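Below you'll find the structure, written out as C-alpha cells, and then a few comments.
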Amino acid sequence: KETDTDVWLTVHAQPGETQILPGAKTKTWGYNQSLLGQTIVFHSGKTYHVTLKNSLPELTTFHWHGLDVPGPFIDGGCHAPVYPGETKEITFTVNQPAATTWLHAHPCPLTGWDVWHGLATMVYVKDQHEESLPLPHTYGVDDIPVVLQDRRFHKDNQWDYDADYDPDGTAGPTALINGTVNPSFDVTTQKLRLRFLDGSNRREWRLHLSDDLVMTQIASDGGLLPEPVQMTKFMITCAERAEFILDFAGYHDGDTVTLYSDETPILTFNIKGFATDETAVPDELATIVDQGDVDPNAPIHQVVLSGTDEEIAINGRKFGMMRIDDRQEIGKAEYWDITNTNDCCGGMLHPYHMHGGSFQIISRNGQAPYPNELGYKDTVSVNPGETVRIKMKFNFAGVFMYHCHIIEHEDGGMMAQMQVY
Ligand code: C2O
Ligand code: CU
Ligand code: CU
C-alpha cells in the first residue's frame, strides 16, 4: 500500500533453505525470503509503516543500522524483541540524506548467531538531490548491491555457527557475495556503481580490481562524500558501507575484470558491449552540514576499547542491559574519543558503531581523517593504539547502544548504552 506520503510494508524474518552450492541446500534465515532479503528502498520525507513478523523458532530484533529513527524500540537493538510467532508494527519518517544503510537482527547476545544464519539486508535511502546527480541509478543494471560475507560450509553444505564460533569474531574461508559463491556480473554500461556492505561477523575486506582499475568512492555510511575520492585499494570493516563508481572505458565485449579481497578473487565482471558514456562523476557530490559547534566546556565522552577474546571490554566493563554508561543531551553536538588500547599482543582493529544517528570523524590520533571519511559515518575502524575523535549529535531521545561491530565482540560485551535526554 502506498500514498504520496505513506508506505506500508512487511518484513518477515523466516527460516528457509537456499541453493548456494551444488548438492544439498543450506538451511538459512532471511527477510521475506530464505536468505538475506530484497533491498528495501526508502525515500527521505516519507513515513513508513513497517510490520515486523517473526516466524523463527526464537526471538529476534529488527535493527535499522544507519537510519536515524525515533528511539530504541524502532531502532530495534537489544530493547526491541519480537517473539516467535509475534507481529509488531512500527512507524517512522525517514528524514536523512540518500545513503546505503542496512537492516540486521540484533538480539543481545545472539546477534552473531542471527546474522550468520542470514538476517541482514540492504536498505537504501533515496532523496531528490542524489537522484538529480549524473550517477548510475538503475538497480541491478548499473547500480548494484554487494553484500560481503564469509562462511564455512560443513557436511551437506550446512553452516555451523557453534562449531565455527570464535570470541574474536566468527569467520569462514568462503566468500559469500549477496549470498552466492563465485558470482559473476554482466556489465552492460560503461559505468557501474557498487554499493558495498561489509555484512560479515568479523572480517575486514581489502578490495582491489584486476589491472589496478581505479575505484572512485562517492559515498560512505551516511551518504555522499563531499567530493569523490579515487583509489586502487580499499579496506572495508564490519558494518561499513561504501559506494564506488567503476569506469570500464577501454574494456571490450568479452573482457573480464576481477574483484579481489587480498589475493582471493570474489567477483567477476564480464564485460559486454556498452555505449560510450562521457558523463563525469561530479566534482562536488554533497554539502556536508556540520553537526554544530561543540560547547568548549562540554566533557569529551571517552570510549576505551580493550582486550581480545573473552577479555574484551569498554571502559573496563562488559555490557550491562540495566546500566546506562553515558548520557548526552538531544540536539547538541559533542565529541567522543574512541581509543583502541594496544596493551597486549598487538591488539586488533575494532569497527566502532553508534546507534542513534550519524557522526562526523574529526581526527585520528590528532591528524586529519582520510579524504573518504569526510562524509557522515556510523561505523569507524579504530586501529590498535589509535584514538579517533568523532562529533555526534542525536535527534531522538532514548537509550541507544554503542559497540564494536565485530559481532562476537558486541555479543561478548564490548558494548555499552547511552541515554539521550
Ligand atoms: Cu549494526 Cu548495534 O548494530
Ligand atoms: Cu546499528
Ligand atoms: Cu572489537
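The values are calculated or read from the model by the stated rules, or taken from the named source; none is laboratory data. Just so you know, these numbers come straight off a predicted model, no measurement behind them. Reconstructed Cβ throughout: ideal geometry from the backbone, glycine too, with neighbour counts over all protein chains shown.
Of the residues that sit in segment 327-348 and are crowded, with 18+ Cβ neighbours inside 10 Å and in contact (Cβ under 8 Å) with a residue 60 or more places away in the chain, which one is nearest to residue 94 (Cα to Cα)?
If we take residues in segment 327-348 being crowded, with 18+ Cβ neighbours inside 10 Å and in contact (Cβ under 8 Å) with a residue 60 or more places away in the chain, then 333 is nearest to residue 94 (Cα to Cα).
Here is a yes/no grid of residues against (1) touching an Asp or Glu at 6+ places or on another chain (Cβ under 7 Å); (2) in contact (Cβ under 8 Å) with a residue 24 or more places away in the chain; (3) in the same structural domain as residue 152 (by TED's automatic domain parsing); (4) surrounded by fewer than 17 Cβ atoms within 10 Å (Cβ to Cβ):
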{"position": "10", "(1), (2), (3), (4)": "no, yes, no, yes"}
{"position": "13", "(1), (2), (3), (4)": "no, yes, no, no"}
{"position": "18", "(1), (2), (3), (4)": "no, yes, no, no"}
{"position": "30", "(1), (2), (3), (4)": "no, yes, no, no"}
{"position": "36", "(1), (2), (3), (4)": "no, yes, no, no"}
{"position": "49", "(1), (2), (3), (4)": "yes, yes, no, yes"}
{"position": "54", "(1), (2), (3), (4)": "yes, yes, no, no"}
{"position": "58", "(1), (2), (3), (4)": "no, yes, no, yes"}
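Go through (1) surrounded by 11 or more Cβ atoms within 10 Å (Cβ to Cβ); (2) assigned to a loop (DSSP other than H, G, I, E, B); (3) not acidic (Asp, Glu) one by one and return the number of the condition residue 323 breaks.
So residue 323 meets the others, but not (1).
Scan segment 8-27 for residues that are more than 17 Å from residue 53 (Cβ to Cβ) and assigned to a strand (DSSP E or B) and jot them down. Steps first, please.
Going through segment 8-27, the residues more than 17 Å from residue 53 (Cβ to Cβ) turn out to be 17-27.
Passing the criteria: 17, 18, 26, 27.
If you check 377, 391, which single one turns out to be of a type in the set (D, E, K, R) and under 15 Å from residue 303 (Cα atoms)? Walk me through it before giving the result.
Details: 377 fails: under 15 Å from residue 303 (Cα atoms).
Being of a type in the set (D, E, K, R) and under 15 Å from residue 303 (Cα atoms) holds for just one of 377, 391, which is 391.
Pick out, from segment 178-287, the strands (runs of 3 or more DSSP E) lying fully within it that include 1 or more residues that are within 16 Å of residue 135 (Cα to Cα), charged (D, E, K, R) and not assigned by TED's automatic domain parsing to the domain that holds residue 106.
Values: elements: 184-187, 191-198, 205-209, 215-220, 223-231, 233-236, 241-247, 256-261, 264-271.
Per the criteria, 191-198, 223-231, 241-247.
Assess whether residue 357 counts as being in contact with a helix residue (DSSP H, G or I) (Cβ under 8 Å, 6 or more places away or on another chain), closer than 27 Å to residue 120 by Cβ and away from ligand 3 (no atom under 12 Å from the Cβ). Lay out the reasoning, then the answer.
Values: in contact with a helix residue (DSSP H, G or I) (Cβ under 8 Å, 6 or more places away or on another chain): no; closer than 27 Å to residue 120 by Cβ: yes; away from ligand 3 (no atom under 12 Å from the Cβ): yes.
Considered against the rule, which asks whether it is in contact with a helix residue (DSSP H, G or I) (Cβ under 8 Å, 6 or more places away or on another chain), closer than 27 Å to residue 120 by Cβ and away from ligand 3 (no atom under 12 Å from the Cβ), residue 357 comes out as no.
Under the condition of being within 18 Å of residue 309 (Cα to Cα) and modelled with pLDDT under 95, which residue from segment 319-343 is nearest to ligand 3 (Cβ to nearest atom)?
Step by step, filter segment 319-343, then rank; the result is 341.
Would you pick out the residues in segment 69-105 that are in contact with a Leu (Cβ under 9 Å, 6 or more places away or on another chain) and within 11 Å of ligand 1 (Cβ to nearest atom)?
Passing the criteria: 75, 76, 101, 102, 103, 104, 105.
Out of 184, 132, which single residue is farther than 21 Å from residue 237 by Cβ and without any contact (Cβ under 8 Å) to a residue 24 or more places away in the chain? Show your work before the answer.
Details: 184 fails: without any contact (Cβ under 8 Å) to a residue 24 or more places away in the chain.
Going through 184, 132 in turn, the sole match is 132.
Which condition does residue 385 not pass, out of (1) farther than 17 Å from residue 75 by Cβ; (2) out of contact with any Gly (no Cβ under 8 Å at 6 or more places or on another chain); (3) more than 12 Å from ligand 3 (Cβ to nearest atom), if it passes all the others?
Among (1) farther than 17 Å from residue 75 by Cβ; (2) out of contact with any Gly (no Cβ under 8 Å at 6 or more places or on another chain); (3) more than 12 Å from ligand 3 (Cβ to nearest atom), the lone unmet condition for residue 385 is (2).
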